[in-house]
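Nothing in this text is a laboratory measurement; each read-out follows from the coordinates by a stated rule. Computed from a predicted model, the values in this text were never measured in an experiment. Cβ: placed from backbone, ideal geometry, glycine included. Neighbour counts: every protein chain shown.
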Amino acid sequence: MNNTISLLIGAALLAACNAETDPGGAAAPPAAVAGQKVLPASDARSPGKPSAPVTIRYRVLGTPYVGQPVAIEIELLADGGVQPLRLSYAINDPDSLLFAADEPREIELGIDAETGSARRQVTVVPQREGRLYLNVTAEVPTEAGALLKSMSIPLAVGRADVETEVNGEVQQGPDGETVISMPAGES
Amino acid sequence: MMRHASNSPRARSLLPVVLLIAACGGGGSGGGNGGNGGGNVAPVADAGSDRSVAELTTVQLTGSGSDANAGDTLRYAWTQVAGIPVTIDNADRAAASFLAPDVAAGVPELLTFRLTVTDAAGLSGSDEVDITVQEAGAAVTISGVASYEFVPANPNCVGLNYLATETRPIRAATVQVLDAASNAVLAETTSDDAGGYALVVDPLRSVRLRVRAELKRSGTPSWDVEVRDNTLSTGLPLGQRPLYTLDSGAFDSGTTDQQRNVTATTGWGGSSYTGVRAAAPFAVLDAIYTAMLAITGVDGAANFAPLDAFWSVNNTNAQGSGTFDENVAAGEIGTSFYLGSIDSLFLLGGANSDTEEFDDHVIVHEWGHYFEDVFSRSDSIGGPHGFGDRLDMRVAFGEGWATALSGIALESASYCDTQGTAQANGFRIDIESDAPSPRGWYNEFSVMALIYDLWDDSPAEITTGDSGSIGFEPIFRTMVDRQRQTAAHTSVFSFLDGLVAEDPASQPLVTDLRAYHDITGSGIYGDGETNDANSAEPADALPVYTDIVPDGTPVNICSNREHDNANANGNRLSEHRFLRMTITQPARYEFDIVTDAATVAQLPPDDPADDRDQSDPDLLFYLDGAIQNRVVNGDSQGLSGVANRETFTTPNVLAAGDYVMDVVEFRHKDEQTDRAAFPARSCFDMTIRPAP
């Protein structure tokens, strides 16, 4: 890609993830547990934008290795008896991750009335080390039409440093300010 | 006359020269140095473009060298070969400089410089550049239009329509002329609402244009908005991470006024992003500007607290597993959100996943939370929320307000959220009409449609209660005055009560909208509300507030998670229960909440070593929106974690006034609890009495 530079930043190396939940508000401190609760801040974080009435959780089954299939269990928790919904998967970078052969990219799921959830496993094959992503989208029929909830599931494969793309060129100004310089179209 | 410069990209005239030879190895200069028998070829020099400069200015000589032999070490030597002698600074570097001499008016002086590039084997190439020194004349004006490309969504919001990309002005942004070599700011202004700018600079300078992704205004109104990348320069505090700028190439300011237009392009290559996504930060900036204009349209004296908007191509909806700082640095922000503790928006930008820069309603929705934070008040407890959820009323109001504001500020009821591969997917919410059943005070989409319908002046839609319009000003005034100061929790009740007090003429419209959305409770506490959301346990949804007298009279109240899902969001109707009390006698008070016998009977025997299977009531209490719980000996009163009981005595005297309380079963949202085994409903016996 033109004008992009990949920077490797040391990041925590992750082993196989335990259950991770759709945060609604994301990037938050871990939930308090008994005995460690604190008074709520008056200037807290907003819950995030409106979306489909479904929660996405996932669990990576095993440790991902390059060239080895790894299964990811995806669980959808539907609010208020949503029936049925469509789950689709996408991989942004085929050089980093591939679907296992015959893995469907889209499937319709029914929600179990008793548990209020549906589970599905998807198998992918990492093609290199790094922090790789599988995009998952749940499409839910509602009175307002189909609404979506998306999530990128990270897979830490080997040395899982975060790769950061620069949208332009990082420059230091004479006053020490750091900017990202983006080229202008000119006329 | 031809000037020979071996492997030079251009032919030049020969002039009498004075050679200054820098230290170098063998090999000639200025002549042809072809390849030697070993395959080494001479490097190629480029001394830059001929140009004119002003007298008595520092002139940059910007040269370069290239070599077909990979790994060859190159040395540089600048020499002057014609004109008034000058001293070349850094003559042994590709980038050198000199001070242009004083020249007579109307008598320009030609100076010629040669750059010789020599490789390790002694082969060299050279090139020359002519610099014409003129007397400095009158300042010149550089003017033009700064714009950005905006990609609209398809009419049904299923994806972005890149074929319909339109050009919009970059409004109210900082525009600068910089010295092309040093990036020193030579002149600065703010673009107008047409994107127009004009700057006066010295003539004959090598300069560039820069448009900063920021809005800065002092005085009244005032604002300070910056769009930055949270994933770069992560050793810096968030507020110092790189600011986005749109930069032109270097050009000569010349001797006459000139027009220069700059455009931030999308970077879209037809099927994917292939270039720099320069438009994105300015699209974010412009959405925020639109929102601010909606406010200044009703309050010209509004002063906006500084706001950072963090957008990055690396910001994805992946849930990071590290600390907040680590996740933000990695771009794993989960979703777009506003963080009040640092007055910052975080916006998704990861292509082929979810991007926000062209979803302006999403941006203004999150900005709506910033508005609540700095102009109004929000008691929202946050948490996941979706279409049709029966929510805690505080969450329902905050989310409904934010989405309604997006429709009002953007004057469009079509809320689009595009996402997916190639940004080709997405969904639409009709802000005016998409309130799912059951409508009510716990439904963020009811709140959304109600507030929007208060404002919009579309033809009367009696069937949806939209029988009129009051405009935005009463809504704004209510939010910044009465909602901000309400003694109750912020909800649609406190808002509507405040609105009618602020604008009595709104009563008929409010009545009609209440009827449509089945919001029957009155006053700031929703007294008499009858809409129980079709709850299996109506008594756990209503009344909205339960009265408790602080004289020891017991009250039984239940926390019920029937409207929550297995994710235990903890922010649904009936989970947090509200009480109100009036203190007439200032004193210290004792609060005592005990899980009742019927609930305890459903629990296993208490194992003091592990209380996670026991009830854990929590209580917070407020006066005029301010939390009154204290921290005593490091522990937060009301959140002790003691099994089946919460009891504390206030260390301070409580003033007379109207208090509200929030009681909840902590186990309903505790990740450590086995909720399948824990009752869905916990009931508590509660008393409040003056401390002995």
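Our summary gives chain B a relative contact order of 8 percent, counting only alpha carbon pairs under 8 angstrom and 6 or more residues apart. Taking the range B:427-569 on its own, what percent of its Cα-Cα pair distances exceed 26 Å? More than 26 Å apart: 30 percent of the Cα pairs in the range B:427-569. The alpha carbons of the range B:614-692 give a radius of gyration and a Dmax of 13.9, 43 Å, in that order. Peptide B:244-252 is shielded by partner chain Cβ atoms: per residue, an average of 4 of them sit within 10 Å of its Cβ.
With coordinates expressed along the principal axes, the C-alpha atoms belonging to the range B:256-377 extend over 56, 43, 25 Å, beginning with the largest. With the convex hull drawn around the C-alpha atoms of the range B:73-183, the volume per residue stands at 215 Å³. Computed across the range B:303-347, the Kirkwood radius stands at 10.8 Å (inverse of mean 1/r, all Cα pairs).
Plainly put, the range B:151-219 has a radius of gyration that is 1.16 times its Kirkwood radius, both from alpha-carbon atoms, as the Rg/Rh ratio.
For chain B, the residue among B:Phe310, B:Thr486, B:Leu232 whose Cα projects farthest onto the positive side of the dipole built from Cβ charges is B:Leu232. Backbone amide hydrogens, once placed in the peptide plane, bring B:Leu186 within less than 5 Å of B:Val177, B:Leu178, B:Asp179, excluding anything fewer than 5 places away on its chain. Geometric descriptor of the range B:194-266, per residue, is 156 Å³ (volume of the convex hull of the Cα atoms). Among the residues of B:266-274, the average count of other protein chain beta-carbon atoms within 10 Å of the residue beta-carbon is 2.
Remark: C-alpha extents of the protein assembly as shown on the principal axes read 108, 64, 55 Å, sorted largest to smallest.
If amide hydrogens are placed 1.01 Å from N in the peptide plane, which non-local residues have theirs closer than 5 Å to the one on B:Cys558? The list, which skips near neighbours in sequence, is B:Phe684.
Within straight-line reach of A:Lys37, meaning a Cα separation under 23 Å, sit the following lysines at least 8 residues removed in sequence or on another chain: B:Lys669.
A straight Cα-to-Cα reach below 18 Å connects A:Lys49 with the lysines A:Lys149, residues fewer than 8 places away in its own chain not being considered.
Across the range A:105-151, Cα-Cα distances exceeding 13 Å account for 71% of all pairs. If a/c stays under 1.5 just call it rounded; otherwise compare a/b with b/c (prolate if a/b is bigger, oblate if not). Do that for the range B:116-165, with a ≥ b ≥ c from the square roots of the Cα gyration tensor eigenvalues. Oblate, since a/c reaches 1.5 and b/c is not below a/b.
Placing unit charges on each Cβ (+1 for Lys and Arg, -1 for Asp and Glu) gives the range B:543-692 a dipole about its Cα centre, and among B:Asn560, B:Gly657, B:Thr687 the Cα reaching farthest toward its positive end belongs to B:Gly657. The alpha-carbon atoms of the range B:299-442, seen along their principal axes, cover 38, 36, 30 angstrom, with the largest extent given first. Distances between placed amide hydrogens fall under 5 Å for B:Gln319 paired with A:Ser152, all partners being 5 or more residues away or on another chain.
Projecting the Cα positions of A:Val179, B:Pro438, B:Val207 onto the charge dipole of the protein assembly as shown (unit charges on Cβ atoms of Lys, Arg, Asp and Glu, taken about the Cα centre) puts B:Val207 furthest along the positive direction. Let me make sure I get this right: for the range B:461-545, a, b and c are the square roots of the gyration tensor eigenvalues over alpha carbons, sorted descending. Under 1.5 in a/c it's rounded, otherwise prolate if a/b > b/c, else oblate. Which is it? Oblate, because a/c is 1.5 or more while a/b does not exceed b/c. To the nearest ten degrees, helix B:360-375 and the longest principal axis of the Cα atoms of chain B are 70 degrees apart.
For the range B:548-670, taking the reciprocal of the average inverse distance between every pair of different Cα atoms yields a Kirkwood hydrodynamic radius of 15.4 Å. In this entry, chain B is assigned a mean projected area of 40.9 nm², taken as a quarter of its C-alpha convex hull surface.
About its Cα centre, the range B:82-215 has a charge dipole of approximately 440 debye under the convention of +1 per Lys or Arg Cβ and -1 per Asp or Glu Cβ, with nothing else charged. For the range B:386-459, the Kirkwood hydrodynamic radius comes to 12.5 Å, computed from all pairs of different C-alpha atoms.
A quarter of the convex hull surface defined by the alpha-carbon atoms of the range A:53-158 gives 6.5 nm² as the mean projection.
Among B:250-262, A:127-139, sorting by the average number of other beta carbon atoms lying within 10 angstrom of each residue, highest first, gives A:127-139, B:250-262.
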